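Okay, structure first, notes after.
The values are calculated or read from the model by the stated rules, or taken from the named source; none is laboratory data. Because the structure is predicted, anything quoted here is derived from the model rather than measured. Because the Cβ atoms are built from the backbone with ideal geometry, glycine has one as well, and the counts that use them run over all protein chains shown.
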Amino acid sequence: MTLDTPTIDALAERLENCQLQVHDTHKITDDFPGMDWEDAYAIQAAILARKLARGQRLMGLKAGLTSFAKMKQMGVNSPVFGFMTDDYAVPHGGEAKMAELIHPKVEPEIAFVTKKALRGPGCHIGTVLDATDFVLPGIEVIDSRYRNFKFDLKSVIADNTSAARFVVGGSPARVSGLDLRTVGIVLEKNGLPVAFGAGAAVLGHPATAIAMLANHLGARGQEIPAGTLILSGGITEAVAVAAGDHVSLRVQGMGSTSLRFI
Ligand code: OOG
Ligand code: MG
């Protein structure tokens, strides 16, 4: 840690206010070039604390920048982890208001729900699959609080990994009958296919993203509790959306989910 608590709290307030007041800001590493990974996750944790103090609920966790397509699009080289609170949740088939978002993009993801706690270090694809209750389609709406979606890893971690909205739905599937590497996905915008992929785009197997999250939390003395919803990261590049757009994600063997931007 290089930043003191008042600075961490001030940065959390600045970034959360961007979300709440719908405006962008410059990267926080421009102001604090010497900040470290623990500072970045401490700022993210302070944003979560602000939301919980306001009565919001933690609804899930996310891994991001887990596919080569995403890392290339954003110019970074390692996954990041964040959280989702109930103010981010859009019901299956529901609406997200453009007036509440800065410059949103959508990502096709596979969501996991656990039935056993996962505690790293040492978690791997096998422990994750054994602890998974079911998987289902998830669309994440990311909305970086940074100008033009330009950031480095520490800045994006502090900004809760651009998390803004998410929807999950479709037909939850047990993992025992599925090969998550070869499961195909189609993302459609206004009825037209705009992105395609397969589960292997996420670190070779999307369960790897969950294992990395468990190991990341384990290094901090935390675990993924049973019953946690986790987004495993965008399979393709994120796709920009505008008011009026209808976005749906079909995942092989898991049905589809959708949302509309109004
Ligand atoms: C960071 C968040 C990336 C994903 O699924 O890869 C992410 C960003 O690209 O703004 O959520
Ligand atoms: Mg994502």
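The table that follows gives values for the structure above.
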item: Residue list for the range 97-139, restricted to those being within 28 Å of D24 (Cα to Cα), over 14 Å from the mean Cα position of the chain (by Cα) and β-branched (V, I, T); result: I102
item: Of residues in the range 46-70 being among the hydrophobic types (A, V, I, L, M, F, W, C) and either assigned to a strand (DSSP E or B) or surrounded by fewer than 16 Cβ atoms within 10 Å (Cβ to Cβ) (or both), the one farthest from the chain's Cα centre (by Cα); result: A53
item: Per-region count, the range 238-262, residues touching a Ser or Thr at 6+ places or on another chain (Cβ under 6 Å), assigned to a strand (DSSP E or B) and among the small types (G, A, S); result: 3
item: Which numbered condition A99 fails, given (1) away from ligand 2 (no atom under 16 Å from the Cβ); (2) in contact with a Gly (Cβ under 8 Å, 6 or more places away or on another chain); (3) among the small types (G, A, S); (4) part of a helix (DSSP H, G or I); result: (2)
item: Hits in the range 122-166 - residues which are away from ligand 1 (no atom under 14 Å from the Cβ) and either among the aliphatic types (A, V, I, L, M) or under 30 Å from T7 (Cα atoms) (or both); result: I125, V128, L129, A131, V135, L136
item: Restricting the range 73-96 to residues that are more than 13 Å from the chain's Cα centre (by Cα) and in a strand (DSSP E or B), the residue that is farthest from ligand 1 (Cβ to nearest atom); result: E95
item: All strands (runs of 3 or more DSSP E) inside the range 107-210 with 2 or more residues being within 16 Å of ligand 2 (Cβ to nearest atom), of a type in the set (G, A, S) and out of contact with any strand residue (DSSP E or B) (no Cβ under 8 Å at 6 or more places or on another chain); result: none
item: Which numbered condition Q44 misses (of (1) closer than 13 Å to S162 by Cβ; (2) modelled with pLDDT under 95); result: (2)
item: Cross-chain or 6+ apart pairs with Cβ under 8 Å, the range 138-152 first and farther than 19 Å from L61 by Cβ, then within 10 Å of ligand 1 (Cβ to nearest atom) and of a type in the set (D, E, K, R); result: R145/D159; Y146/D159; F149/K105; F151/D159
item: Failed criterion for I43 (all others in (1) β-branched (V, I, T); (2) assigned to a loop (DSSP other than H, G, I, E, B); (3) over 16 Å from the mean Cα position of the chain (by Cα) hold); result: (2)
item: Among residues of the range 230-246, those that are farther than 21 Å from A173 by Cβ and of a type in the set (A, V, I, L, M, F, W, C), counted; result: 6
item: Tally of residues being touching a residue at least 40 places away in the same chain (Cβ under 8 Å), more than 20 Å from R165 (Cα to Cα) and not small (G, A, S) across the range 4-40; result: 9
item: Residue among P121, P172, P108 that is crowded, with 22+ Cβ neighbours inside 10 Å and touching a Gly at 6+ places or on another chain (Cβ under 9 Å); result: P108
item: Residue among R174, R119, R181 that is modelled with pLDDT of 95 or more, of a type in the set (K, R) and under 18 Å from K70 (Cβ atoms); result: R181
item: Condition check for G75: of a type outside the set (A, V, I, L, M, F, W, C) and modelled with pLDDT under 95; result: yes
